[in-house]
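Novice: Below is one structure. I have some questions about it.
The values are calculated or read from the model by the stated rules, or taken from the named source; none is laboratory data. This is a predicted model, so every value here is computed, not measured. Reconstructed Cβ throughout: ideal geometry from the backbone, glycine too, with neighbour counts over all protein chains shown.
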Amino acid sequence: MKKLYLSLLTGALLISGCASKGPKAEHELKKDSLQKVYLIIDSPGLKYESLSFVKKDEKGIHIYAVNDKTHKFYDIDIRKEDICVRDNLSKPSWFSDGYKCVPKNQFSEKILKVNYPGTLLENIVNGAQIYNGDHSWITTNGLRQTIIDRGHDIDYRVSEKESFFRDRISNVKVVLQIKDFEIKK
């Protein structure tokens, strides 16, 4: 009886340890390394398209780049409580001194000019689920979510080398493509 109990317990532990916990990030950024990405943020409030460098550390996620089209330098910091954007060469109306920090829950509304959850940009950059995983499923290439409610028509796909987010109603697109390049600290 004792052997049967131990066999069942061992089997249960093995099965629970291997069980899927649902869709997960396919390309989560490596901590303390600099990764090259191609980033597009196209929204009513922010237009950005450039080869960029992303660094993740204990303070958050940092994106550095020069916009290929406008030749402006951008610095985006996604921290625990807020998101900060620096535009060193021009100061749009929402910049007071070239550097603007807003709480995460206000970033989409104030910067992108669309209302999304405060974690949206961070989740896209990390390749993680958005909207708490609502309407998500695993595909052969990674993660897929389609959300058609809340005033949005969202198509979100994550693969090993790319996150693709498009909201057809709000006219917002965010694409992050990971390039083969990495500098370790």
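Novice: Between 102, 85, which is outside any loop (DSSP other than H, G, I, E, B), at pLDDT 70 or above and under 21 Å from residue 37 (Cα atoms)?
Specialist: Among 102, 85, only 85 is outside any loop (DSSP other than H, G, I, E, B), at pLDDT 70 or above and under 21 Å from residue 37 (Cα atoms).
Novice: Same structure again: Taking the condition of a type in the set (A, V, I, L, M, F, W, C) and modelled with pLDDT under 95, does residue 154 pass?
Specialist: No; evaluated as a whole, the condition is false for this residue.
Novice: Could you list, in sequence order, all residues of the range 101-123 that are of a type in the set (A, V, I, L, M) and over 14 Å from the mean Cα position of the chain (by Cα)?
Specialist: Correct list: 102, 111, 112, 114.
Novice: Out of the range 130-171, which residues are within 26 Å of residue 36 (Cα to Cα), acidic (Asp, Glu) and surrounded by 13 or more Cβ atoms within 10 Å (Cβ to Cβ)?
Specialist: 155, 162, 167
Residue by residue, here is whether (1) closer than 24 Å to residue 83 by Cα; (2) in contact with a Lys or Arg (Cβ under 9 Å, 6 or more places away or on another chain); (3) of a type in the set (Ser, Thr, Tyr) holds:
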position: 113; (1), (2), (3): yes, no, no
position: 121; (1), (2), (3): yes, yes, no
position: 132; (1), (2), (3): yes, no, no
position: 139; (1), (2), (3): no, yes, yes
position: 146; (1), (2), (3): no, no, yes
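Novice: Which pairs do you get when a residue that is more than 18 Å from residue 159 (Cβ to Cβ) and at pLDDT 75 or above, found in the range 170-185, comes within reach of a residue that is small (Gly, Ala, Ser) and outside any strand (DSSP E or B), reach meaning Cβ atoms under 9 angstrom, with the pair 6+ apart or on two chains?
Specialist: As it stands, the answer is 170/43; 170/151; 171/43; 172/43; 172/108, since those pairs meet every condition given.
Novice: Quick one: count up the residues across the range 107-147 that are charged (D, E, K, R) and touching a residue at least 60 places away in the same chain (Cβ under 8 Å).
Specialist: 3
Novice: Out of all the residues in the range 91-99, is one or more within 23 Å of residue 177 (Cα to Cα), at pLDDT below 90 and not charged (D, E, K, R)?
Specialist: Scanning the range 91-99 turns up no residue that is within 23 Å of residue 177 (Cα to Cα), at pLDDT below 90 and not charged (D, E, K, R).
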